[in-house]
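Below is one structure; the comments refer to it alone.
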Amino acid sequence: MFKAFKYRIFPSESQKELIAKHIGSSRFVYNLALETKNTAYLGSKHNFSPFDLIKQLPELKKECEWLKEVNSQSLQQSIQNMDIAFKKFFKGAGFPKFKSKHKGKQSFSIPQNVLVENDLLIIPKFKEGIKISLHRPTEGIIKSATISATSTGKYFVSILCDTKQDIPSKEPIKESTTIGVDLGIKDFATTSEGEVFENPKNLRKAQSRLKYVQRKYSKNKGKRTKKRLALLHEKVVNKRKDFLHKVSTKLIRENQTIALENLNVAGMVKNHNLAQAISDVSWSTFVTMLEYKADWYGKNILRIGRFAPSSKTCSCCGTINKELTLKDREWTCPKCNSVLDRDISAAINIKSFALKNNLSGEHTLKNQGELLTLVKVLIPEAHPIAFGVGG
Ligand SMILES: [Zn+2]
């Protein structure tokens, strides 16, 4: 099983320069390879394999001498990454984008020869080692690494390891060990057992400060405001990730099966009032975390369709109350007189809908047997990496 471990690193000034060269060269080769593949395909329907393009690197180095300063395996990996983006495109993802110096993740890959020794990260071209803050050990055999730089001047390495453990087989789905989870806006999540996970206060505070600075920046695009904005943004992202890790780990540890509603975030974001709230609580990141953690620990994720009226159905007798509005937090069932908490009742319904579907064979065990792979870790935008900073 593959697992990624993320650490902060502290390069010296000259190492920072060499990191910048690796990032720049990797981006350059990526964009060039993308352009080449694309043009060849449009022009002559020729489909370049990554191997075809890698074979062209020595010739490119004659043209661009500066490429010789960086680890050639990182450049080869850049081409592999571009090819992966293309494969995803053919499976329905967006067309591969050119990498920008100013937008998106600034990173480069080290596909082999990665070593961690005496609090030093040792990789090709950095033989003296980069200082690493090893807050937890890696597990198993180190396969590869990705070094990234943030816009706030911090550096990280994500180390991919083969833990040599077998993929745990899935636990059987039983009513007694299944929990339903309702994701909400007022509270982040409510379970069928009545546990409520509120959005943390410190996150809300950081978010409103971020909004304030964003407004200020739109009027005065000074360098200092820009830096402050980047720092605040980073803070919000880290706090949010930390919160999502805590909740997802707790749910996975304590339950064998987790039932969820399919999210229709794209549809809901159109509703202007909800947009901010939804992006803030990051449901989709949370569901991704639940899914890969379920794979690690052999747990199940069950999904129900968005159309099941989970919040309008009485969890005691099944009566659907069409009169219910978003404002009604508590309601009394007109048929059986049960007093229901809207969110808890919804979570109980999600659980029973999911189990019912499961018994009738219509369920989809999302991602069963699908594991965090090299590809997913190398493209962290699409598949957030397992461990956050200090997580
Ligand atoms: Zn009822």
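Here are 315, 352, 338, 311: which of them is touching a Ser or Thr at 6+ places or on another chain (Cβ under 8 Å), within 16 Å of the ligand (Cβ to nearest atom), open to solvent by 20 Å² or more (accessible area, probe 1.4 Å) and modelled with pLDDT under 85?
Only one candidate qualifies: 311.
Residue 160: over 21 Å from the mean Cα position of the chain (by Cα), assigned to a strand (DSSP E or B) and under 19 Å from residue 3 (Cβ atoms), yes or no?
no
So, of the residues in the stretch 26-50 that are part of a helix (DSSP H, G or I) and among the basic types (Lys, Arg), which turns out to be surrounded by the fewest Cβ atoms within 10 Å (Cβ to Cβ)?
27
All but one of (1) at pLDDT below 85; (2) more than 29 Å from residue 294 (Cβ to Cβ); (3) open to solvent by less than 30 Å² (accessible area, probe 1.4 Å) hold for residue 221; which doesn't?
(3)
Do you know which of the residues in the stretch 103-118 that are without any contact (Cβ under 8 Å) to a residue 60 or more places away in the chain and touching a Ser or Thr at 6+ places or on another chain (Cβ under 9 Å) is surrounded by the fewest Cβ atoms within 10 Å (Cβ to Cβ)?
My answer is 112.
Taking the residues in the stretch 318-330 that are among the β-branched types (Val, Ile, Thr) and surrounded by fewer than 13 Cβ atoms within 10 Å (Cβ to Cβ) as candidates, determine which candidate is modelled with the highest pLDDT.
My answer is 320.
Taking the conditions exactly as written (within 16 Å of the ligand (Cβ to nearest atom), at pLDDT 85 or above, out of contact with any Leu (no Cβ under 6 Å at 6 or more places or on another chain) and open to solvent by less than 60 Å² (accessible area, probe 1.4 Å)), does residue 333 satisfy them or not?
The answer is yes for residue 333.
Being open to solvent by less than 40 Å² (accessible area, probe 1.4 Å), under 19 Å from residue 187 (Cα atoms), within 16 Å of the ligand (Cβ to nearest atom) and modelled with pLDDT of 85 or more, is that true of even one residue in the stretch 286-305?
Within the stretch 286-305 (the criterion being open to solvent by less than 40 Å² (accessible area, probe 1.4 Å), under 19 Å from residue 187 (Cα atoms), within 16 Å of the ligand (Cβ to nearest atom) and modelled with pLDDT of 85 or more), the answer is no, since none of the residues qualifies.
The values are calculated or read from the model by the stated rules, or taken from the named source; none is laboratory data. In this text the structure is predicted, and so the values were computed from the model without any measurement. Don't worry about glycine lacking a Cβ; one is built from the backbone with ideal geometry, like all the others, and counts go over all protein chains shown. Side chains included, ligands, DNA and RNA excluded: accessible areas come from the protein's heavy atoms. Shrake-Rupley method; radii C 1.70, N 1.55, O 1.52, S 1.80 Å.
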